[in-house]
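Visitor: What follows is a single structure, and I will ask about it in a moment.
The values are calculated or read from the model by the stated rules, or taken from the named source; none is laboratory data. Predicted model, so just to flag it, every value in this text is computed and none were measured. Glycine gets a Cβ as well: all are built from the backbone with ideal geometry, and neighbour counts include every protein chain shown. The area values use the complete protein model at the heavy-atom level, side chains included, leaving out ligands, DNA and RNA. Shrake-Rupley method; radii C 1.70, N 1.55, O 1.52, S 1.80 Å.
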Amino acid sequence: MTISTTGRSRRVRGKRPAGLVGAVAIGAGLMLGMAGAAPAATTANVAAAQVEAVTLRLAGEPGQDVNIAGASEENGARAVQWPVARAGNDLWEPEAAGGGYYRLKSVGSGKCLNVKGGGNEVNAEVIQYTCSGGAANEEWRFVPKGIGYQIVVRSSGQCLNVRGGVGKGNQLIQYTCTAHGVANDTWLPVWEHASR
């Protein structure tokens, strides 16, 4: 995915979630609308900006996102709700997995957002685990819902959810998706600059 901007260009790594494309396009449109008519772009001052990393923020509380507890780099580390820090443990690289699904790879650890044990049961914990490149419990799709997106895991068709409702430090789980999206299962993928 690319949008025109001034600055330097970086390499694109696979396809990005359609919702993410829409969020960036809408944001760019709003910025142009607020600034007035934009001057015509020339090839000399236009470069491509790619989505390298996103934070996965709660739509109803965008100051909170998906975070790996304690910035752990270990397999099995818990995914929790936490205030946005834009650090390696809350930045995710979406990587196309086919069929509209994506692996969400932690910038900090290089591991994937994963449903523990590949389980299909409601309340199964969401963790990080070494990316296998084909496990259905590490593949997610973005489904438009309410003011954001439900993030649905391929293995069970259940949604990424904050256990017990919204709350700092609460464990993330997979849970039955709600019909219209609620505060603890509706997310916003937000493009962030991933410095390396």
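Visitor: Treat every Asp and Glu Cβ in segment 71-196 as -1 and every Lys and Arg Cβ as +1, leave all other atoms uncharged, and give the resulting dipole magnitude about the Cα centre to the nearest 20 debye.
Guide: 120 debye
Visitor: So with the 1.4 Å probe, I'd like the accessible area per residue for segment 107-196, rounded to whole Å².
Guide: Normalised by residue count, the accessible surface of segment 107-196 is 43 Å².
Visitor: Let me ask something additional. Calculate the length of the line joining the C-alpha centroid of segment 48-112 to that of segment 130-196, in whole Å.
Guide: First find each Cα centre; the distance between them is then 10 Å.
Visitor: With Cβ to Cβ distances under 12 Å as the rule, what net charge do the other residues near A69 carry (K, R +1; D, E -1)?
Guide: Overall, the nearby charge balance is -2.
Visitor: Something else about it: Please list, or write none, the aspartates and glutamates whose alpha carbon is within less than 12 Å of the alpha carbon of K145, excluding same-chain residues fewer than 8 places away.
Guide: By straight Cα distance, K145 reaches D185.
Visitor: Net charge near L56, counting Lys/Arg +1 and Asp/Glu -1 over other residues with Cβ under 11 Å of its Cβ?
Guide: Overall, the nearby charge balance is -2.
Visitor: Which percent of the accessible heavy-atom area of segment 95-196 goes to carbon and sulfur, probe 1.4 angstrom?
Guide: Here carbon and sulfur together make up 50 percent of the probe-accessible area.
Visitor: Provide the FRET efficiency to the nearest 0.05 for the A87-A136 pair, computing r from the beta carbons and using R0 = 25 Å.
Guide: E between A87 and A136, to the nearest 0.05, is 0.30.
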